[in-house]
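Notes follow the structure.
Values quoted throughout were computed directly from the atomic coordinates according to the rules given, and no laboratory measurement underlies them. Just so we're clear, the structure is a prediction, and the values are computed from it rather than from any experiment. Neighbour counts are summed over all protein chains in view; Cβ atoms, including those assigned to glycine, are modelled from backbone coordinates with ideal geometry.
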Amino acid sequence: MEVIFLGTGTSQGIPVIGSKHPVCLSNDPRDKRLRVSVLVNWEGYSILVDCGPDFRSQMLTHGIDHIDAILYTHEHNDHTAGLDDIRPFFFRQGDIPVFAHKRVLNSLKKRFEYIFETENKYPGAPSVSIQEIINEPFNFKSLTIVPVNVMHNRVQVFGFRFGDFAYLTDVKTIEKEEIEKLRGVKVLVVNALRQEPHHSHFCLGDALEFIEDLKPERAYLTHISHVMGFHEEVQQSLPENVFLAYDNLKITI
Ligand SMILES: [Zn+2]
């Protein structure tokens, strides 16, 4: 399995527009972070997790010409705003399978009404085939994907376990039985917004405690704000098996 970090930033991305914060002005490419998304290449299938406002440039950067499915974690704009830009994939491949919670699908239907239109649809609009997911393992082709229910303050969010790999973003709290679904993962991705606590995201301390409990071989932090600090400095403060993810990082599992 190969995982590409397409974006590792929080909702505004880094640099934040107009910001003079030193991290926003950094020349280190690892301090430039697009909105969060990963591409999971598993058993010959390319599965995109979230399709945010930077989707187009993320696809171009990596020369991606085929996507087998899109999984959505939740409906917030930084995870969903790129849906219109699936058009080139739709023109080549036909309807793109989209997996999400019913609430998220309803939100997409409202915000991208023309994509879900069934009558007199504009010919240039893309189409998707929607698959509602509940908090139970589901199959895509020959793969089994396990959703993991987490809370982003009051918003329900799905993380996903793909065999030995799990990807969680926008977690603030997680129930014990959901944590049990993650036991034994070799590589874990989890969000860490900044050093200071936050009302709807794990801060660095929360994420490290969570990792310490699960003890994966390696863990990567994502959904990072500029106030976390410089990549280079924060990385040096982390335990041996914990890494700050950065845009365009590729890992194999
Ligand atoms: Zn987010």
Inside segment 182-199, can you point out the residues that are within 16 Å of the ligand (Cβ to nearest atom), touching a strand residue (DSSP E or B) at 6+ places or on another chain (Cβ under 6 Å) and of a type outside the set (S, T, N, Q)? 189, 192
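Within segment 13-33, does at least one residue satisfy the condition of being acidic (Asp, Glu) and surrounded by fewer than 20 Cβ atoms within 10 Å (Cβ to Cβ)?
Of the residues in segment 13-33, the ones acidic (Asp, Glu) are 28, 31.
Still in the list and also surrounded by fewer than 20 Cβ atoms within 10 Å (Cβ to Cβ): 28.
Checked segment 13-33: at least one residue is acidic (Asp, Glu) and surrounded by fewer than 20 Cβ atoms within 10 Å (Cβ to Cβ).
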Out of 95, 85, 65, sole residue that is among the charged types (D, E, K, R), more than 16 Å from the ligand (Cβ to nearest atom), within 18 Å of residue 116 (Cα to Cα) and surrounded by fewer than 16 Cβ atoms within 10 Å (Cβ to Cβ): 95
Whichever residue in segment 34-60 is among the aliphatic types (A, V, I, L, M) and more than 16 Å from the ligand (Cβ to nearest atom) and, among such residues, is surrounded by the fewest Cβ atoms within 10 Å (Cβ to Cβ): 60
Candidates 122, 114 - the one that is outside any helix (DSSP H, G or I), aromatic (Phe, Trp, Tyr) and surrounded by fewer than 20 Cβ atoms within 10 Å (Cβ to Cβ): 122
Within segment 149-181, of all residues that are assigned to a strand (DSSP E or B) and more than 16 Å from the ligand (Cβ to nearest atom), the one surrounded by the fewest Cβ atoms within 10 Å (Cβ to Cβ) is 149
For residues that are small (Gly, Ala, Ser) and touching a residue at least 24 places away in the same chain (Cβ under 8 Å), scanning just segment 8-33, find the one that is nearest to the ligand (Cβ to nearest atom). 11
If a residue must be of a type in the set (S, T, N, Q) and in a strand (DSSP E or B), how many such residues does segment 128-148 contain? 4
Odd one out for residue 66 among (1) more than 22 Å from residue 201 (Cα to Cα); (2) part of a helix (DSSP H, G or I); (3) touching a helix residue (DSSP H, G or I) at 6+ places or on another chain (Cβ under 8 Å): (2)
